[in-house]
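Working notes, beginning with the structure itself.
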Amino acid sequence: MIRACTVDELPPGESVRIAGAPAIAVFHTEAGELYAIDDTCTHQDASLADGWLEGCFVECPLHAAMFDLRTGMPTCLPAKVPVRTYPVLVDDGVVYVQGVAGEDAA
Amino acid sequence: MKRVAVVGASLAGVRAAQELRAQGYDGGIVLIGEERHLPYDRPPLSKAFLAGTASPASLELLDAGDLASLALDFRLGVRATALEPSNRRVLLSDGGSVHADGVVIATGGRARTLPGFEGAFVLRTLDDAVALRAALVPGVRVVVVGAGFIGAEVASTCRSLGLDVVVVEALPAPLAPVLGPELAAVCARLHRDHGTDLRCGVAVAGMSEAGVHLADGSLIPADVVVTGVGMAPATDWLAGSGLPVGNGVHTDAGLATSLPAVVAVGDVARYHADGAGRRHEHWTNASEQAPVAVANLLAGRTTRTYEPSGYVWSDQYSGTLQLAGHPRPDDTLSFVDGDPASSSFVATFQRDGATVGVFALNNAKLFNRLRRQALRRPAAV
């Protein structure tokens, strides 16, 4: 489990990239849900944390492949391979990503 | 409609097949492809695939699950030779034919060649890329004719392989008619910063074993010559079909041709909007046109019209270039972030007080925000 950021640092509609191997992207949707996925698009090297967040989908900033944050599944070309998803936990105002080893982002 | 023939098995054809299923069509789909290969993605051909870091399998557009769910009847390695509307038939180069109630024309185009450059490499198909890759052995001197996206990407990949590269371009600056002079200068800088010898305003005369001969009589020595001078729409097979085919298959604003139940998508589609015929040769266009063309095909009339996003990207050297909208070279350019000398910047094109285009070098996040805000592109979901 890694510490991503505080809830205050991640307002709805925003995302944060956590460096590491693999890098993780954490999203706070406009509906208030938190999701974490592998940050690197499975199509080509691009940071999904830089992508456009729309509902519970994120669009890759380079080639517009779209991923479902709930499942990691791509919904359109050019991506064909899902990104890994991770459970997110909030404790005492801090956002944690479970199931991944690594150093804290902060 | 019981059977649809999709003629052309690249991105536009695949996207059309996917849209047919997505929009509820459950009849037969025959996918006709001139190449032997299963459908593959072309953008990596000039980059990772040419560099040897992407495998042919990684280019495939459809995985086993897609192939099972789409239930396509493939006719690969055969070319469509004629469309016979009265018989509802597509004739094939192997002597066979396909009877179809609907036809999607997605035949793309062929790489243009230059007189005097017989034997030069071109880059459009997987086989083209395999042949060029084999020629890029250590020590060869490469000359690329044409500094558009393909030429620039090939030059970039050759530099990454450690090869000496000269790029010759007839225009005063690369991509100037698309991007305008200031951004064309940025593209020229990318070449020079990475050790490519870019020569603009140069007319070529031909090639020989010695290299590329210029119109002024001089010679640029070369072991490998690549021409990247655009493409010609593949419409020859439509002669006699009754379809108008000057510079692409002519369609209405909804990609429907003058023949009932025949639509066109991708590089080959020349649609008419606002009184002008337009054709785009980009990945995103091929992908975006499919839902519109298929909806109209299934409706039997034009119910939707095509609104291009104008999105294009190119990876060259250390730069990712992104362009959206429909700028003209005489639009006013303003830098929202960074400046033309930066390694990362975003600029917008203004015309009559409105933003008509967004361009970015290595700044995808801001590019995408501006592209939506300024160009008011509809949501993609």
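Of the residues B:Lys365, B:Lys47, the one with the largest accessible area comes first in the ranking B:Lys365, B:Lys47, computed with a 1.4 Å probe on protein heavy atoms.
Counting only heavy atoms of the protein chains and using a 1.4 Å probe, B:Ser218 has close to 50 Å² of accessible surface. Comparing the chain by itself with all protein chains present, which residues of region A:55-79 are at least 10 Å² less accessible (probe 1.4 Å)? Buried on complex formation: A:Phe57, A:Glu59, A:Pro61, A:Leu62, A:His63, A:Ala64, A:Met66, A:Leu77, A:Pro78. For chain B, the antiparallel share of DSSP beta bridges with both residues in that region comes to about 55%.
Every Cα-Cα pair in region B:170-324 was counted, and those over 29 Å apart are 38% of them.
For chain B, the solvent-accessible area works out to 41 Å² per residue, with a probe of 1.4 Å and every protein chain left in place. Using a Gaussian network model of chain B in which every pair of alpha carbons under 10 angstrom is joined by a spring, one finds that among B:Thr53, B:Thr305, B:Thr355 the greatest mean-square fluctuation is at B:Thr53. Helical runs assigned H by DSSP (4 residues or longer) give chain B a calculated mean residue ellipticity at 222 nm of -7000 deg cm²/dmol, each run adding -39500 (n - 2.57) before division by the residue total. Just how far, in whole angstrom, is region B:33-108 from region B:308-354 if you go by their alpha carbon centroids? Each part reduced to its Cα centre gives a spacing of 34 Å.
Residue order by solvent-accessible surface for B:Arg304, B:Arg376 is B:Arg376, B:Arg304, largest first, with ligands and nucleic acids left out and a 1.4 Å probe. Note on region B:250-381: Cα convex hull, mean projected area over all directions, 9.1 nm².
Taking Rh as the Kirkwood radius, which is the inverse of the mean 1/r over Cα pairs, what is the Rg/Rh value for chain B?
On the way: Rg = 21.4 Å, Rh = 21.9 Å.
That ratio is 0.98, to two decimals.
When all alpha carbon pairs of region A:1-73 are counted in 10 Å bins from zero, the resulting P(r) reads 22, 58, 20, 0 %. Across all Cα atoms of the protein assembly as shown, the radius of gyration (one decimal) and Dmax (whole number) stand at 23.6, 76 Å.
Computed from point charges on the beta carbon alone (+1 for Lys and Arg, -1 for Asp and Glu), the dipole magnitude for region B:262-381 about its Cα centre is near 440 Debye. Can you tell me what share of the DSSP beta bridges in region B:67-216 is antiparallel? A percent to the nearest 5 is fine. So the antiparallel bridges amount to about 55 percent of the total. Measuring nothing but protein heavy atoms, the accessible surface of chain B at 1.4 Å probe radius is 51 percent carbon and sulfur. Counting only DSSP beta bridges whose two residues both lie in region B:189-325, roughly 85 percent are antiparallel. Distances over 18 Å make up what percent of all Cα-Cα pairs in region B:63-112? Roughly 43 percent, once rounded to a whole number.
Suppose we look only past 25 Å in the calculated P(r) of region B:9-153. What percent of the Cα-Cα pairs does that tail hold?
40
What's the angle, to the nearest 10 degrees (0 to 90), between helix B:11-22's Cα axis and the longest principal axis of chain B? Helix B:11-22 sits roughly 40 degrees off the main axis of chain B. Note on B:Arg328/B:Val130: beta-carbon distance plugged into 1/(1 + (r/R0)^6) with R0 of 41 Å gives a FRET efficiency of 0.60. Comparing mean-square fluctuations of B:Ala57, B:Ala324, B:Ala111 from a GNM of chain B with C-alpha springs under 10 Å, the top value falls on B:Ala57.
The values are calculated or read from the model by the stated rules, or taken from the named source; none is laboratory data. Just so it is clear, the structure is predicted and the values come from calculations on it, not from any experiment. No Cβ is skipped: glycine too gets one built from the backbone with ideal geometry, and neighbour counts run over all protein chains shown. For accessibility, only protein heavy atoms count, side chains too; no ligands or nucleic acids. Shrake-Rupley method; radii C 1.70, N 1.55, O 1.52, S 1.80 Å.
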